[in-house]
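K.L.:
Please find one structure pasted underneath; my questions will follow.
Nothing in this text is a laboratory measurement; each read-out follows from the coordinates by a stated rule. None of these values were measured; they are calculated from a predicted model. Virtual Cβ from ideal backbone geometry, glycine too; neighbours counted across all protein chains shown.
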Amino acid sequence: MKKLSLLVIASAFSASAFAAPETYVVDPDHTFPRFEYSHFGYSTQLSRFDRTSGKVVYDKAARTGSVDVVIDMKSVNTGSTLFNEHIQGADFLDTATYPTATFKSTRVHFEGDKVARIDGALTIKGITRPVTLDVTSFRNAMHPMANKDAIGANATARIKRSDFNAAKYAPHVGDDLTLTIALEAIRQ
């Protein structure tokens, strides 16, 4: 009986040690990358992208994960149809040549059970730069509507437009951008 108890305990530990990472699909109705910048020093402009896809791989037990997000740059929403078209031009986003931007994580940092930072590669206009997203909130729980496990997070980073060949009117229109990603993803 003692050997059987030890075997059950050992198998329970080994099963938890080999827990598989789980894949979550980005919820496009609740995931919106946003960016803000100074407009000639008069105001801070806030815009977003309306179409985003991707996946998150999360292993809660091992405290590891990865993030792979694709942003449809043609879905830029500044609040003005005229400016949406203007910002898609070659001097800014050049969506005719580069219709998407991507973020691919290289490392996910945890503080306890929560994601704290995500290092990765941000590609805009075919130019890839390292970026660290600071995670300001993170939640992993059962989604009350989808009845599936879900992940939600908000993350932010500072980037320069000039790093991505999109610096027209700088410095009058701020070169520094604050990038914020509100993300929700549902387990497959």
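K.L.:
So, in Å, what gap is there between the alpha-carbon centers of region 144-159 and region 95-118?
P.N.:
12
K.L.:
Something else now. Quick one: angle between helix 2-17 and the longest Cα principal axis of the chain, in degrees between 0 and 90, rounded to 10, please.
P.N.:
Approximately 10 degrees, to the nearest 10.
K.L.:
Now for a separate question. For the chain, what percent of Cα pairs sit more than 21 Å apart?
P.N.:
55
K.L.:
Another question, then. Could you work out how far apart the two model spin labels at His86 and Ala121 are, taking each label as a point 7 Å from the Cα in the direction of the beta carbon, and quote it in nm?
P.N.:
3.4
K.L.:
Could you sort 163-176, 56-69 so that the peptide with the highest average Cβ count within 10 Å comes first and the rest follow in order?
P.N.:
56-69, 163-176
K.L.:
Related question: Which residues does a label at Thr44 reach in region 156-183, if reach means a backbone N under 15 Å from a point 7 Å past the Cα toward the Cβ?
P.N.:
156-159, 174-181
K.L.:
Continuing with this model, one more query. Any idea how many Lys pairs in the chain come in under 13 angstrom at the alpha carbon, given 8 or more places apart or on separate chains?
P.N.:
Final tally of qualifying lysine pairs is 4.
K.L.:
To continue, here is another question. How far apart, in nanometres, would the label points at Ala170 and Lys74 be if each is projected 7 angstrom from Cα along the Cα-to-Cβ direction?
P.N.:
2.7
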